[in-house]
Amino acid sequence: MDLALLREAARAAIAPDAWAFYQGTADGLADPERDARAWDRWDFVPRAMTGLTAIDTTVELGGHRLRSPITIAATAAHGGAHPDAEAATAAGATAAGVLMAYSHNATLSVEAFAAAATGPWWAQTYLQRDRAATDDYVARSTAAGASAIVLTVDVPGILADAAFRRQPVTGPVQVRGNVPITGGGAGTAAETAITPDDVARLAATAGVPVWVKGVMAAEDAVRALDAGAAGVVVSNHGRRQLHGVAPVATVLRGIVEAVDGRAPVMVDGGIRSGADVVRALALGAAAVGIGRPALWALAAGGADGVAGLLSGLQEEVAVTLAGVGVGRIADLTREMVRRSD
Ligand SMILES: Cc1cc2nc3c(=O)[nH]c(=O)nc-3n(C[C@H](O)[C@H](O)[C@H](O)COP(=O)(O)O)c2cc1C
């Protein structure tokens, strides 16, 4: 698969301000693909003569048996990419047997999304200053069928306000679904003072597992789990929040070591191929999230485009596993990747 071609097809298919919103980073003019380049620095050290006869890419994640460890990361405002918005993404994900995280800042409301989604999905939420508003949204999401809540903790309100000033959420990427937006944008409602107590409160009240997304430091992974998180998502938010943030490929291993098998560790950011997926799994991730490439596929080909992207990545995962010399994801080890520098 050629993701650079897909990206250019998407750019040509949608409005310029939608494209700018999807590609935007806090790094400004810096390359939004810096995380992708960091994955590329992990080289495989394959095993040979293994007698492999079959490849099994299935995984168990959050109680779901999935076709592969690939999920769709929560991204805002799919309406800028396709008229059917998140419903089209979900149709593509379901066709490929992929679990989708649905963004709080979606084009469709959570109820409208749930009515269209036929596969498993998680609801991502931000913590709002008005805790009752967060609780209400979480209750709506679980009532609609979300099998987990993903609490994103890497966008303190001050940062969200800056991001929305830099990249106004207007025109085709308005997020009307769940958040009534006035003036400065959704960021004005986001909490700055997020603590593990907020994780604990949500974990105790949500009624479904709560994952904490946006963890970059090993200590924070441990604090999230101590507070009751079911798992953590290593993520720098697609480089959208903090200029100069480390690529996830450089911090994943330390976090996996600190978590020490207590809970699953997912990762997203710059995953652009089946090889990247297998690199992440060899470093200890339980599953990966795909952000922008799913938006590119949605823009360029709607639900079929999303299904095609995900199926292609899944096939690449199987081929890469064969090349590395393991038949099952559980058999990948840390020794099978080495940093080129
Ligand atoms: C356009 C866009 C919107 C996003 N919106 C959200 C969001 O609403 N909530 C969230 O937790 N993460 C959001 N993210 C971050 C993604 O969940 C994910 O961390 C990131 O896109 C992964 O990097 P990748 O795009 O290189 O795959 C967004 C990312 C993009 C590109």
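Can you tell me the orientation of helix 196-205 relative to the chain, as the angle in degrees between its alpha-carbon axis and the longest Cα principal axis, to the nearest 10? Computed tilt is about 90 degrees.
How far is helix 85-95 tilted, in degrees, relative to the longest principal axis of the Cα atoms in the chain, given as a value from 0 to 90 rounded to the nearest 10? Computed tilt is about 30 degrees.
On the basis of the beta-carbon distance and an R0 of 41 Å, residue 140 and residue 257 show a calculated FRET efficiency of 0.65. For the chain, the percent of C-alpha pairs falling in each 10 Å distance bin, counted from 0 to the bin holding the largest distance, reads 6, 27, 38, 23, 5, 1, 0. Can you tell me the orientation of helix 157-166 relative to the chain, as the angle in degrees between its alpha-carbon axis and the longest Cα principal axis, to the nearest 10? Once rounded, one gets 90 degrees. Rounded to the nearest 0.05, what FRET efficiency do residue 41 and residue 193 give with R0 = 35 Å and r taken as the Cβ-Cβ distance? Could you check? Once the sixth-power term is evaluated, E becomes 0.45. Summing +1 for each Lys or Arg and -1 for each Asp or Glu among the other residues whose beta-carbon sits under 12 angstrom from that of residue 303 gives -3. Using the Cβ-Cβ distance between residue 60 and residue 205 with R0 set to 35 Å, the FRET efficiency works out to roughly 0.85. A crude spin-label estimate for the pair residue 147 and residue 4, with each label 7 Å from Cα along the Cβ direction, gives 3.8 nm.
Readers should treat all values here as calculations from the given coordinates under stated rules, not as data from a laboratory. Quick caveat, the model's predicted, so the values are computed rather than measured. Positions of Cβ are backbone-derived with ideal geometry, glycine not excepted, and every protein chain shown enters the neighbour counts.
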